[in-house]
Each structure stands twice: as C-alpha cells, then as structure tokens.
Amino acid sequence: VVALPYINAAQAQHPALTRAVTTLRGAGVRLLLQDQHEPDGFVPHRPKHGNVHAYPWDLALEALPTMP
C-alpha cells in the first residue's frame, strides 16, 4: 500500500502527523513524505501555495508494486 498525502508545511509540523506516519508505516504503508525513510518523497508546500496540478502523482505511481 502506498500513500502520498497532500499537505502543507504548517500541517506537516503538527505532532499528530508524526504519530500517524509511524502508525501507518508500522502497518506496512509506504508513506511518500520526504524524511529519512523517503529522501526523495513529497515536500509539503508553503501554506496557501499548493498547486494541485503539480502534485507528484509520478512518485505514487512509481512506488506501486508491479503486478505479475
């Protein structure tokens, strides 16, 4: 399972995000947020500067396992 949340930098600073990321990764979810586990992951944008058209779908699609 792969997840790529669309969040801004202010949301990313909330302590609940760290707990949620830990829980999801512990359950086997590959969370594509940039950190030590995903150095090439998504970097949250500045508040009120998101661009949904520039959302990195390619990161999520490349992370999906290939089907036999």
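Suppose every Lys and Arg Cβ carries +1 and every Asp and Glu Cβ carries -1, with no other charges. What dipole size does the chain come out with about its Cα centre, to the nearest 20 debye? Could the numbers behind the result be given before it?
Numbers: 5 positive and 5 negative charges, 61 e Å.
In debye, rounded to 20, the chain gives about 300.
First compute the accessible area of the range 2-45 with a 1.4 Å probe, then give the percent of it belonging to carbon and sulfur atoms. Taking all protein chains in place, the range 2-45 shows 57 percent carbon and sulfur surface. If you sort the three axes of the alpha carbon gyration tensor as a ≥ b ≥ c, you get a/c of 1.5 or more for the range 18-68 and a/b no higher than b/c, which makes it oblate. Toward the positive end of the charge dipole of the chain, with +1 on the Cβ of Lys and Arg and -1 on the Cβ of Asp and Glu, the farthest Cα among Val21, Gln36, Trp57 is that of Val21.
Suppose all protein chains stay in the model; what accessible area per residue would a 1.4 Å probe give for the chain, in Å²? Numbers along the way, then the final one.
On the way: 5120 Å² over 68 residues.
Value for the chain: 75 Å² per residue.
Rounded to the nearest 10 square angstrom, Arg25 shows an accessible area of 60 square angstrom against a 1.4 Å probe. Do you know the relative contact order of the chain, to the nearest whole percent, from alpha carbon pairs under 8 angstrom that are 6+ apart? Relative contact order of the chain: 40 percent.
Tyr6 contributes about 100 Å² of solvent-accessible surface, heavy atoms of the protein only, 1.4 Å probe. Computed with a 1.4 Å probe on the full set of protein chains, the accessible area for Val43 sits at about 80 Å².
The values are calculated or read from the model by the stated rules, or taken from the named source; none is laboratory data. All values reported here derive from a predicted model rather than from experimental measurement. Every residue, glycine as well, gets a Cβ built from its backbone with ideal geometry; the counts of neighbours run over all protein chains shown. Only protein heavy atoms, including side chains, enter the accessible area calculation; ligands, DNA and RNA are left aside. Shrake-Rupley method; radii C 1.70, N 1.55, O 1.52, S 1.80 Å.
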